[in-house]
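Data block below; observations after.
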Amino acid sequence: MSAGDLAVPAFTAAIEAHQKRITDAVIKHALEICSQHKANVKTQVVIGDPKEKICEVADNLPADLLVMGSHAFGPIKRMLLGSVSNYCANHAQCPVIVVKGKEMPS
């Protein structure tokens, strides 16, 4: 086994550890905001295609309502990237509310 064989798993592990630190920080911040507003929340981190995982988790809870944000992508970006909120609005088993953000200047 050469040193090159070890580089890929070590690199992958470093990326996964970094992603976990970012995820933990985002969840901690979100929980602080929810706590300030006395909102009762449950967090769950899942790995996979976001649109499919959001619907899966909402269905498994089961959620009464799914509230999602929406990027202000133009029609071309939306066509190329797809729309997670549009997918969820059409596939989630519960009602979905999409909150649009402010449109970003081009």
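Values quoted throughout were computed directly from the atomic coordinates according to the rules given, and no laboratory measurement underlies them. Treat the numbers as computed from the prediction; the structure is a model and nothing was measured. Cβ atoms come from the backbone with ideal geometry, glycine included; neighbour counts cover every protein chain shown.
For the reader, a short list of remarks on this structure follows.
- Candidate lysines - alpha carbon under 27 Å from Lys20, same-chain residues fewer than 8 apart omitted: Lys28, Lys38, Lys42, Lys51, Lys53
- Build a GNM of the chain with springs between Cα atoms under 10 Å apart, and of Asn90, Asn40, Asn60 the one that fluctuates most is Asn40.
- In degrees, nearest ten, helix 3-36 long axis to first principal axis of the chain (Cα): 30 degrees
- Using alpha-carbon coordinates, inclination of helix 50-60 to the longest axis of the chain, degrees: 60 degrees
- GNM flexibility winner over the chain from Thr23, Thr12, Thr43 (Cα, springs under 10 Å): Thr12
- Rel. contact order, % - alpha carbon contacts under 8 angstrom, at least six apart, the chain: 25 percent
- When only alpha carbons are used to place a centre, segment 17-32 and segment 41-92 end up 19 Å from one another.
- Helical content of the chain, expressed as a calculated mean residue ellipticity at 222 nm, amounts to -18500 deg cm²/dmol (DSSP H runs of 4 or more residues, -39,500 (n - 2.57) each, divided by residue number, nearest 500).
- As a proxy for reagent exposure, ranking Asp59, Asp64 by other Cβ atoms within 10 Å from fewest up yields Asp64, Asp59.
- ³J(HN,Hα), Karplus 6.51/-1.76/1.60, whole Hz, each residue of segment 88-97, x for Gly, Pro: 5, 4, 9, 10, 5, 7, 10, x, 10, 10
- For segment 37-101, trypsin sites (Lys or Arg not before Pro) meeting the loop criterion (DSSP other than H, G, I, E, B) and having at most 14 other Cβ atoms within 10 Å: Lys38, Lys42.
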